[in-house]
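Right, one structure below, let's go through it.
The values are calculated or read from the model by the stated rules, or taken from the named source; none is laboratory data. What you see is a predicted model, and the numbers here were worked out from it, not measured in a lab. Here the Cβ positions follow ideal geometry from the backbone for every residue, glycine too, while neighbour counts run over all protein chains shown.
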Amino acid sequence: MARTVLVIGTNDFIYKNLENFTKIKKLGFKISNFTDNFFLKKSSHYLVSKIKKINPIFCIITAGISGGILFNIKNDLKILNYNCKIYQKIFNCLILAKIKNVFFISASCVYPKLINKKISESSFLTGTLEETSLNYSISKILGHAYCNTAIKRNLNYICLVPATLYGPHYNNNEINSHVINSLISKFRNNKKIVKVWGDGSIKREFLHINDLLDAIFFIYKIKIKEKILNIGLNKDYSIRELVKLLKHLTKFKGKIVWKKNMPTGVRKKLLDSSKLYNLGWTPKYNLEHGLRSIIKE
């Protein structure tokens, strides 16, 4: 009987890449998916029964809504209401079903606005959050609270904090997607001018989706038990460096216009992933390799 991994969330980005990843790696896992809508419509009793029947070896929670800076600002109340509602239902059902291993996909915005140093897991809840993503951050912190509650019940629920993710099947909408996919969409759809928020000096760390999936299976395989684990590339890039690389890879011949008056978030966001690295995991994709893999699609 095939071992099953259950993905909870309407997130084709992770679900489709997980299907492809397990196939390529010949891992022999069956992938099941409960969408956000399915979870919200069905009764908790039905969901607990269904989850028990599937009996997943582990579950990945990708549910909830988010987007780029403008999307998060304009939809702050919607994000907070929706994410808190669905996380409450998901975690209660998983805990009632006594699912042993759960990976909650969190986000680096749960950490304080640290500027000049790598952000370690111990930084969680130690300072002020970034205002442009505050409600999204709070909803993710609620997920952390549920994971801690599950741990007290001898369940292994880990909050994974990846660097900014990118890869195949991601949302390529210029407004709702994160920086890499938004820029790729701009370069592909505009022949003469591409407008980029900020002056290009802020720095971000990027992680290919396959590296996140590889890390999840690594963590499961060696039975790591941690409340929070950072997963990053251990290197950050300025947006100006990213734009230059994407311009080259997409063969864009037009002009770049920097909109310096637009919000850009924190100045620097580099995760300290040494805890996971010291356990033996390292990423397989550098940024150029990862970008080439999605631009050629």
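When you check Lys225 against the structure, is it in contact (Cβ under 8 Å) with a residue 40 or more places away in the chain, farther than 27 Å from Val161 by Cα and either in contact with a strand residue (DSSP E or B) (Cβ under 7 Å, 6 or more places away or on another chain) or crowded, with 18+ Cβ neighbours inside 10 Å (or both), yes or no? No: the conditions fail for Lys225. When the stretch 249-266 is limited to residues that are within 26 Å of the chain's Cα centre (by Cα) and surrounded by fewer than 16 Cβ atoms within 10 Å (Cβ to Cβ), the one that is farthest from Ser137 (Cα to Cα) turns out to be Met262. Beta carbons closer than 6 Å, at least 6 apart along the sequence or on distinct chains, never pair a first residue in the stretch 230-242 that is within 8 Å of Pro283 (Cβ to Cβ) and modelled with pLDDT of 95 or more with a second that is assigned to a strand (DSSP E or B) and charged (D, E, K, R).
Looking at the stretch 1-88, the strands (runs of 3 or more DSSP E) lying wholly inside it that each contain 3 or more residues that are crowded, with 21+ Cβ neighbours inside 10 Å sit at 3-8, 58-61. Pairing each residue of the stretch 191-205 that is closer than 19 Å to Ile119 by Cβ and crowded, with 18+ Cβ neighbours inside 10 Å with any residue that is among the β-branched types (Val, Ile, Thr) and at pLDDT below 90, provided the two are 6+ apart or on different chains, yields C-beta distances under 7 Å for Ile202/Thr264; Arg204/Val179. When Ser123 is tested against (1) touching an Asp or Glu at 6+ places or on another chain (Cβ under 9 Å); (2) surrounded by fewer than 18 Cβ atoms within 10 Å (Cβ to Cβ), exactly one condition is not met: (2).
Taking (1) without any contact (Cβ under 8 Å) to a residue 24 or more places away in the chain; (2) part of a loop (DSSP other than H, G, I, E, B) in turn, Ser122 satisfies each apart from (2). Within the stretch 26-56, being more than 16 Å from Cys93 (Cα to Cα) and either touching a Phe, Trp or Tyr at 6+ places or on another chain (Cβ under 6 Å) or touching a residue at least 40 places away in the same chain (Cβ under 8 Å) (or both) holds for one residue alone: Leu27. Across the stretch 89-122, the number of residues qualifying as out of contact with any strand residue (DSSP E or B) (no Cβ under 6 Å at 6 or more places or on another chain) and either among the acidic types (Asp, Glu) or more than 16 Å from Ile158 (Cα to Cα) (or both) comes to 11. Determine if the stretch 128-151 includes at least one residue that is more than 23 Å from Leu47 (Cα to Cα), touching a residue at least 24 places away in the same chain (Cβ under 8 Å) and of a type in the set (D, E, K, R). Checked against the condition, which is being more than 23 Å from Leu47 (Cα to Cα), touching a residue at least 24 places away in the same chain (Cβ under 8 Å) and of a type in the set (D, E, K, R), the stretch 128-151 yields at least one hit. The set of residues in the stretch 89-112 being part of a helix (DSSP H, G or I), farther than 18 Å from Thr35 by Cα and touching a Cys at 6+ places or on another chain (Cβ under 9 Å) consists of Val110 alone. It is to be established whether one or more residues within the stretch 130-149 are farther than 20 Å from Gly67 by Cα, of a type in the set (S, T, N, Q) and surrounded by fewer than 23 Cβ atoms within 10 Å (Cβ to Cβ). Checking the stretch 130-149: at least one residue is farther than 20 Å from Gly67 by Cα, of a type in the set (S, T, N, Q) and surrounded by fewer than 23 Cβ atoms within 10 Å (Cβ to Cβ).
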